[in-house]
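Here's the structure we're looking at; comments come further down.
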Amino acid sequence: MTTLSGRKALITGAGSGIGRETARVLAQAGALVLVNDVSETAAHATCTAIAQAGGRAQSYTSSVADPDAVRRLFEQFDAEGNAPDILVNNAGVSGNGPTLELDDANWDRVISINLNGPFYCSREAGLRMRAAGGGAIVNIGSIYSTVAAPQRLSYCTTKAAIGMMTKCLALEWADFGIRVNCVAPGYVDSALTRELAATGRLDLAAVERRIPQHRLGQAEEIADAVLYLCEPRSAHITGHILAVDGGWTANGYL
Ligand SMILES: NC(=O)c1ccc[n+]([C@@H]2O[C@H](COP(=O)([O-])OP(=O)(O)OC[C@H]3O[C@@H](n4cnc5c(N)ncnc54)[C@H](O)[C@@H]3O)[C@@H](O)[C@H]2O)c1
């Protein structure tokens, strides 16, 4: 399947986990993948894996939290003739801990990466997509875009905000042919989840009991949902938050 051939897809935080898998899946669908990550080594590793599988990818090291760096990144795309017509706002970090002990630096870090980053990238991408006559943006939200959890104030706040950003941009940019959607994963088997479990900040057994399907999601299952929302067959879908969570947010019980 080459449903994205001729398309250029920027994926932020694509050096690891869900972002890396999304890069692999979109490249397999024929897109030229613009792999962004704050870690140069991680971004290169994703590009190497894609090239070895016969796909096309280019590596771009910068932080989505820095508005000047994001501006320069898009200017580089312009200079290379690679303005993206697909943007996946994936880069994100967790923020766990009691709110009464949350310091300004930690709060600012999560807000800058998880919320400001998608705004900076969407604004730059939106300008180019409007000029090109359309595009697709997929934000990576979370179950915490719709339901809350204790001791995760900064994370839940940013993920709820990304859900609203999705809807605001979808209706503002519909006339430009730009679709904006959100994929909201539940707990996924990834480096981020493993680190939370290893440092005692997440009880994986309790999480699996709480999920109606009783298992974590796989990064590929999230990537496949992103792919669908980038493809022409989802042309009438915009402003939507798609839960890929094994039933977590449907579950009002134990
Ligand atoms: N893993 C889960 O269970 C889960 C569940 C729901 C939502 N999510 C969301 O999915 C997204 C990806 O999560 P993951 O589990 O794959 O995480 P991960 O930690 O495996 O990967 C995140 C990547 O983002 C990069 N990154 C961090 N800060 C950056 C910055 N400022 N600029 C550019 N890149 C940056 C990291 O270097 C890393 O490669 C995040 O938005 C996360 O909130 C994850």
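Laid out as a table, the results:
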item	result
Accessible area of segment 160-249 belonging to carbon and sulfur atoms, whole % at 1.4 Å probe	56
Surface/4 estimate of mean projected area, convex hull on alpha-carbon atoms of segment 1-77, nm²	4.6
Residue (of G15, T199, A125) at the positive-pole extreme of the chain, dipole from beta-carbon charges	A125
Rg/Rh ratio calculated on Cα atoms of segment 154-254 (Kirkwood radius)	1.03
Cα-based Rg / Dmax (Å) for segment 10-151	15.6, 50
Folded to 0 to 90 degrees: helix 17-28 orientation relative to the chain principal axis, Cα	30
For segment 12-116: accessible area per residue (Å², 1.4 Å)	44
Solvent-accessible area, 1.4 Å probe, carbon plus sulfur percent, for segment 1-159	51
Accessible area of segment 160-254 divided out per residue, in Å², using a probe of 1.4 angstrom	52
HN-Hα J in Hz across segment 229-241 - Karplus 6.51, -1.76, 1.60, θ = phi - 60°, x for Gly and Pro	6, 9, 7, x, 5, 9, 4, 9, 9, 8, x, 9, 10
Accessible area of T166 in the full protein assembly, 1.4 Å probe (Å², nearest 10)	0
Rg over Rh [alpha-carbon atoms, Kirkwood Rh] for the chain	0.95
Cα shape, segment 179-220, gyration tensor, a/c 1.5 rule	oblate
Förster-model FRET efficiency, 30 Å R0, T3 and R194, C-beta, rounded to 0.05	0.40
Angle between the chain longest axis and helix 67-80 axis [Cα atoms, degrees, rounded to 10]	30
Segment 200-209 - phi-based ³J(HN,Hα) in whole Hz, Karplus 6.51/-1.76/1.60, Gly and Pro as x	x, 9, 8, 9, 5, 5, 5, 4, 5, 5
Amide proton proximity set for A184, modelled H, under 5 Å, gap of 5+	G141, L242, A243, V244
Relative contact order %, segment 123-244, counting alpha carbon pairs below 8 Å whose residues are six or more apart	33
Principal-axis tilt of helix 117-132 within the chain, Cα atoms, nearest 10 degrees	30
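The values are calculated or read from the model by the stated rules, or taken from the named source; none is laboratory data. Quick caveat: nothing in here was measured; it's all calculated off a predicted structure. Please note: Cβ atoms are built from the backbone with ideal geometry, for glycine as well, and neighbour counts cover all protein chains shown. Areas reflect the complete protein model, heavy atoms only, side chains present, ligands, DNA and RNA absent. Shrake-Rupley method; radii C 1.70, N 1.55, O 1.52, S 1.80 Å.
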